[in-house]
Every structure is written in structure tokens, then in C-alpha cells.
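Single-structure report; data block below.
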Amino acid sequence: MGGPKTTEAIPNYLYHLCINTIAFNNNTINFYLSNLNHLLSILSSTSTTHDFHTATAGHDPYTGSAIVYGLFLCRGDVAVAVCGVCVAAAAQELLKLCPIEKETIIWYDDCMLRYSNRSLLGILDEQYGAFLYNTANITKKDRFEGLLKSTIKAAAAEASNGEHEKKFGTKEAYFTGFQTLYSLAQCTTDLSSGDCNRCLWDAMDDLYNQRYSARQGARRLLPSCNIGFELYPFYNKTNTWTSSTTNKAICGVWVAAAAKELMKLCPIEKEATIWYDDCMLCYSNWSLLGILDEQYGVILYNMAHITEKDRFEGLLNSTMKAAAAEATNGGHEKKFGTKEAYFIGFQTLYSLAQ
């Protein structure tokens, strides 16, 4: 992806639950809905400056059952602007999906929002949840499951050891070919380290018990925590977007590594090229400046086949053209373009041209 998520794109919905369907009496429902609207307003406004917040709204002069408790949690790597857009969308959607329920929860890629007529603060909750999974099965299953277990555990340890500011962890590991396994774990910030660790381990057990560990990707969503893994970067790998100065430093590290590697791989050749994820380096005994060169190259590919082939190829054609147009229209500073498009389920197609 080309940079931080700062535009107000439509948040990617994952799942929701309308949990408590117990009917209100005529007096209580009016108080509850009024309090609920006030609560959602508080959470939506707070989400523009925080990635986690809890709130309580209202009073009930009859039974006390109309008081509303709520919280939101944004994914630990997203910008506050993205968090605010996601929570506001979640609040509006929940009122449509669960108009009379006392307890509800909704998950998006970038945030989770829930409310209830009972206190939520600091309480470990695994009672309800959802599984999401990639329909493609994994190759080299035994090796993958061993790698998955170690990366998920590392991400969970990072999350549970987090301070009050953020309980969020990610871990990447090389799998096979040019595939990398990306794992994520996160708890609501109000949990203790012990409760966070327990929630994440229970979520891991759930994935293994349901055999989702044999898929190319899966997520376990619980009210107090969530974990997930994919063979593509479904979070910002640096947790927060790096500055241009830091990005230049990273570029320098990789070019230096490429230079050393080329001297080993091609010690006497007059012309050589090497590619990394983050850079490309080439040299020759003839001028390279401003010359179009397509004479040599390589193709890398994912071994898994796609579902809904016709739809995918049409989407791929349009996104690649859009990325290519952005790159070719770039100035002398940078000829680089990216494009994302929703495909199916919770899968997004990411395209790049440079």
C-alpha cells in the first residue's frame, strides 16, 4: 500500500451480533434509546482522538435498566482519522441492524463497537463471537501450522504485555516461495495482562479446534480480543506509518544489502540486476539513464488458485490499469501507483505499479 489511510473510505464490514432481544416496557424503551443515542454520540466524537474509549450514558428513574454502557476499539495500527470514520459508521449501522436490542457488537476491519445495558469496563468477555476464514486451503500444512502457532503466540505475547495505552501485537514470518505469513492479536485496552493473554489463547484454541489453521487465512472475533492471520499484509506492518526520513533510511539499508549480495552472486558479470521487496539495484557497462529496458525479467506467483475467476480477472484488469495510470502520470519525483478494490467476503485485491 502506498501510504497512510487518511481518506474517508467506506469501512470494511466484517460481522455483527444482536445479542439481547429481551423486550423493553413502554417507559424503559424511550429512556434507553435516548441514552443510547447520547452514548453513540460520545463514542463517535471521542474516536477522532483516541483508539479506545469506554463511556456510560443516562439514567432510568424506574428500574435502572435503561443505562447504557459502551466502548470502541480501533485496530492498533490505524490512524485516528480512520478510527473516527470507522466508529461513526459502526454506530449508524448498529442502530439499523439492532434497533431494539439491549446488547450488540459490530466488527469492521479497522474497529469494533459494542454497547450493553450491563457494565463492560475491565470485564473479560468471550461469550459471543465469530469466525471468518479464507476459503483457500494451505499447501505444506504441517510446516504452515507450526509456523502459524509460533507467530500467533509471538503476536499474542506482544499484545498481552502491552501497556494501558495499547494491547496490540503483530508478527511476520517467511513461509514458502515469496509468501509471508502475517499474524495479528489485539485486546481491549481495559483488560489486565492476564485476562488479555487468556482471551488470546482461547481464541487461538478456537481456530485450531475448528480446523481454520489449515486455511490461508482466518480470524477469531471476540468481544474482548481478536486474532487473525493471512498470507498478505492485512495491517500496516510498522504499526504506525513511518516518516519519509525513516523510509529513506530503510531504502538505504536495503540498497546496501543488495550491493553486497550482487557482488557475491555475480562477481565477474558486466551487467546484473537484483530485486527485493523494498528495492531494486542494477548495474551495467552501458548507459542506463532514460532507456526503456524490457529485455530481461522474472515472474513470481502465488501457487493458490483464485475462486470466481471471471470476476477476479475483470477486477484485476481495472485495478492494475488504475495503478499503472497513477504511476505513469507521476512527476520526476516518483512514478509509483497503488489501487485497492473489494473482491469477495473479507478479501481485498491490492495492486501496485512502479
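The values are calculated or read from the model by the stated rules, or taken from the named source; none is laboratory data. This structure is a prediction, so every number in the text was calculated from the model and none was measured. For neighbour counting, all protein chains shown are included, and Cβ atoms are generated from backbone atoms with ideal geometry for every residue, glycine included. Heads up: the accessible areas ignore ligands, DNA and RNA and are worked out on the full protein's heavy atoms, side chains in. Shrake-Rupley method; radii C 1.70, N 1.55, O 1.52, S 1.80 Å.
Observations on the structure shown:
- Selection within the stretch 116-151: residues that are aliphatic (A, V, I, L, M) and assigned to a loop (DSSP other than H, G, I, E, B). The member of this set that is farthest from L97 (Cα to Cα) is I138.
- Selected residue (criterion: most open to solvent (accessible area, probe 1.4 Å)) from residues of the stretch 78-116 that are without any contact (Cβ under 8 Å) to a residue 12 or more places away in the chain and over 22 Å from the mean Cα position of the chain (by Cα): K96
- The set of residues in the stretch 164-187 being of a type in the set (D, E, K, R), under 17 Å from the mean Cα position of the chain (by Cα) and either open to solvent by 20 Å² or more (accessible area, probe 1.4 Å) or on the phi > 0 side of the Ramachandran plot (or both) consists of K166, K171, E172.
- Test for D190: is it over 29 Å from E308 (Cβ atoms), modelled with pLDDT of 90 or more, out of contact with any Cys (no Cβ under 8 Å at 6 or more places or on another chain) and open to solvent by 20 Å² or more (accessible area, probe 1.4 Å): yes
- Sole residue being under 17 Å from L222 (Cα atoms) and either in a strand (DSSP E or B) or touching a Lys or Arg at 6+ places or on another chain (Cβ under 7 Å) (or both), chosen from L113, L181: L113
- Residues that are more than 27 Å from N226 (Cα to Cα) and either modelled with pLDDT of 70 or more or crowded, with 16+ Cβ neighbours inside 10 Å (or both), drawn from the stretch 1-56: F24, T28, I29, N30, F31, Y32, L33, S34, N35, H38
- Within the stretch 152-163, the set of residues being open to solvent by less than 90 Å² (accessible area, probe 1.4 Å) and either part of a helix (DSSP H, G or I) or of a type in the set (D, E, K, R) (or both) comprises I152, K153, A154, A155, A156, A157, E158, A159, S160.
- Matching option when the condition is buried (at least 16 other Cβ atoms within 10 Å of the Cβ) and not aliphatic (A, V, I, L, M), among Q347, Q295, Q354: Q347
- Residue under evaluation Y69, criteria (1) touching a residue at least 40 places away in the same chain (Cβ under 8 Å); (2) outside any strand (DSSP E or B); (3) open to solvent by 20 Å² or more (accessible area, probe 1.4 Å), criterion not met: (2)
- Among the candidates Y296, Y350, residue that is touching a Pro at 6+ places or on another chain (Cβ under 9 Å) and either modelled with pLDDT of 80 or more or more than 30 Å from K140 (Cβ to Cβ) (or both): Y350
- Filtered residues of the stretch 198-212 (kept if closer than 13 Å to S224 by Cβ and open to solvent by 60 Å² or more (accessible area, probe 1.4 Å)): R198, W201
- Residue in the stretch 202-221 that is within 17 Å of the chain's Cα centre (by Cα), at pLDDT 80 or above and acidic (D, E) present: no
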